[in-house]
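Report on the following structure.
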Amino acid sequence: MKYDISITKTTTPKEKPTDESKLGFGTIFTDHMFMMDYSAGKGWYNARIIPFGPIAIHPASTVLHYGAEIFEGLKAYRAADGTIRMFRPMENIQRLNRSAERLCLPELDEEGALDILNTMVELEKDWVPHSEGTSLYIRPFMYGNDPHLGVHAVKEATFVVICSPVGAYYPEGLNPVKIAIEAHDVRAVRGGTGYAKCGGNYAASLRAGEKAEKKGYTQVLWLDGVEQKYIEEVGAMNVMFKIGGKIVTPALDSGSILPGITRKSCLELLQDWGFEVEERKISVDELFAAAASGALEEAWGTGTAAVVSPIGQLYYQDTSYTLCGGKIGQTAQKLYDNLTGIQWGKLADTHGWSHIVCNG
Ligand SMILES: *Cc1c(COP(=O)(O)O)cnc(C)c1O
């Protein structure tokens, strides 16, 4: 079911950025945004694309007081054949609906949501940058918008999509990062909201990130919230290890780990290539024992923004290990090359992951 989208085009289009090497991440926005409102009993209504601009919000709005917010992140690419494509967008839509269910926000019709993304990307297609490694980042988000302070499931909500041309994540090639394992703060707990992509998870993770940065580390590696023993995620990415030739990644069944689409895609590729893949619990003790014995060959994070982020150093309490000589491992590099190759239409898309939106 498609939503009936009205389109009001801007009368004052902005200049597109000319120097694509300075795009950065999420600071420049396109000319339009999508908005749609929800009211219990009425459902979703007033689907509209309007000029990009500030959103007026009631001071008592649920999102401002109780954090009822969920989001997604995906990219549109200018492919080698001139088409504009999104990568597995239905996965993002289904995950958004699972996040909505967890936070008592209203779900979207899947086909309708895909049509919204297609319509927005096609309208903004001239904003998809051309240089190698660049893309149009698409940020759908939804918030509870009841105009009163009572604490209960929301009856009113708003769904918004904004788009931002973003630069190459690794202008100088893949760069291994230094990671600190966080021994105090936790990101998510069993029964909590870890598997949902909600703003509150990020708010609660900022302090540990700041602390790690001050010590010279790029990201935090999170441990489970119950025993603080098992590896969960790295920053806002999923994490994978290559130990004694096998691929090991934390299992999703605790509900405290975000089921990444990049994670899922990497696991599918690794299996295609004949790797043995284990989705299971992995403790810091096991990881550091493997590092000490030399069995830990590689570690990397996976996520839409960076695709693959090799880990060059791991630090926990008083111990620190350099992995893979601080260099990019072969497996991480191969995953990066293959995933981005499929995304940019340079390699055959045997899994049917690319969704063509329009001609560029
Ligand atoms: C978005 C996100 C990821 C990565 O998910 P992708 O679908 O691969 O982009 C991993 N962990 C957290 C906490 C996230 O928010």
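The values are calculated or read from the model by the stated rules, or taken from the named source; none is laboratory data. What you see is a predicted model, and the numbers here were worked out from it, not measured in a lab. Cβ: placed from backbone, ideal geometry, glycine included. Neighbour counts: every protein chain shown. Heads up: the accessible areas ignore ligands, DNA and RNA and are worked out on the full protein's heavy atoms, side chains in. Shrake-Rupley method; radii C 1.70, N 1.55, O 1.52, S 1.80 Å.
Residues of the stretch 157-171 that are open to solvent by 10 Å² or more (accessible area, probe 1.4 Å), at pLDDT 85 or above and out of contact with any helix residue (DSSP H, G or I) (no Cβ under 8 Å at 6 or more places or on another chain): 162 alone. For the stretch 186-222, filtered to residues that are in contact with a Lys or Arg (Cβ under 7 Å, 6 or more places away or on another chain) and of a type in the set (S, T, N, Q), the residue that is farthest from residue 256 (Cα to Cα) is 218.
Scan the stretch 135-156 for residues that are touching a strand residue (DSSP E or B) at 6+ places or on another chain (Cβ under 8 Å), surrounded by fewer than 19 Cβ atoms within 10 Å (Cβ to Cβ) and assigned to a loop (DSSP other than H, G, I, E, B) and the total you get is 2. The requirement of being of a type in the set (A, V, I, L, M) and in contact with a Gly (Cβ under 6 Å, 6 or more places away or on another chain) is fulfilled nowhere in the stretch 106-126; no residue meets it.
Cβ-Cβ contacts under 9 Å between residues 6 or more apart (or on different chains), taken from a first residue in the stretch 8-23 that is closer than 21 Å to residue 305 by Cβ to a second residue that is open to solvent by 70 Å² or more (accessible area, probe 1.4 Å), are listed as 20/130; 21/171. The residue pairs whose first member lies in the stretch 258-276 and is closer than 29 Å to residue 102 by Cβ, whose second member is more than 13 Å from the ligand (Cβ to nearest atom), and whose beta carbons are closer than 7 Å, counting only pairs six or more residues apart or on different chains, are 267/277; 268/351; 269/338; 270/247; 270/277; 271/277. Pairs are defined by a Cβ separation below 7 Å, a sequence spacing of at least 6 or placement on different chains, a first member in the stretch 179-201 that is not assigned by TED's automatic domain parsing to the domain that holds residue 315, and a second member that is among the acidic types (Asp, Glu) and within 9 Å of the ligand (Cβ to nearest atom); no pair meets this definition. Residues of the stretch 202-216 that are in contact with a strand residue (DSSP E or B) (Cβ under 6 Å, 6 or more places away or on another chain) and either without any contact (Cβ under 8 Å) to a residue 12 or more places away in the chain or buried (at least 21 other Cβ atoms within 10 Å of the Cβ) (or both): 208, 212. Looking at this structure, is residue 150 away from the ligand (no atom under 16 Å from the Cβ), of a type in the set (Gly, Ala, Ser) and over 30 Å from residue 45 (Cα atoms)? Answer is no for this residue. Please tell me if residue 104 is in the same structural domain as residue 255 (by TED's automatic domain parsing), at pLDDT 95 or above and closer than 25 Å to residue 42 by Cα. Answer is no for this residue. Pairing each residue of the stretch 35-56 that is assigned by TED's automatic domain parsing to the domain that holds residue 104 with any residue that is acidic (Asp, Glu) and open to solvent by less than 40 Å² (accessible area, probe 1.4 Å), provided the two are 6+ apart or on different chains, yields C-beta distances under 7 Å for 45/37; 46/37; 51/31; 52/31.
Hey, any hits in the stretch 175-184 for a residue that's touching an Asp or Glu at 6+ places or on another chain (Cβ under 8 Å), more than 10 Å from the ligand (Cβ to nearest atom) and not hydroxyl-bearing (Ser, Thr, Tyr)? No: the stretch 175-184 contains no residue that is touching an Asp or Glu at 6+ places or on another chain (Cβ under 8 Å), more than 10 Å from the ligand (Cβ to nearest atom) and not hydroxyl-bearing (Ser, Thr, Tyr). Based on this model, can you work out whether residue 174 counts as under 21 Å from residue 265 (Cα atoms), among the aliphatic types (A, V, I, L, M) and buried (at least 16 other Cβ atoms within 10 Å of the Cβ)? It is true that residue 174 is under 21 Å from residue 265 (Cα atoms), among the aliphatic types (A, V, I, L, M) and buried (at least 16 other Cβ atoms within 10 Å of the Cβ). Applying the criterion of at least 1 residues that are surrounded by 22 or more Cβ atoms within 10 Å (Cβ to Cβ) and within 14 Å of the ligand (Cβ to nearest atom) to the strands (runs of 3 or more DSSP E) found wholly in the stretch 222-333 leaves 231-234, 238-243, 246-250, 296-303, 307-316. For residue 302, the requirement of being more than 25 Å from residue 187 (Cα to Cα), at pLDDT 95 or above and in contact with a strand residue (DSSP E or B) (Cβ under 6 Å, 6 or more places away or on another chain) is not met. There is at least one residue in the stretch 334-356 that is assigned to a helix (DSSP H, G or I), within 30 Å of residue 125 (Cβ to Cβ) and open to solvent by 50 Å² or more (accessible area, probe 1.4 Å).
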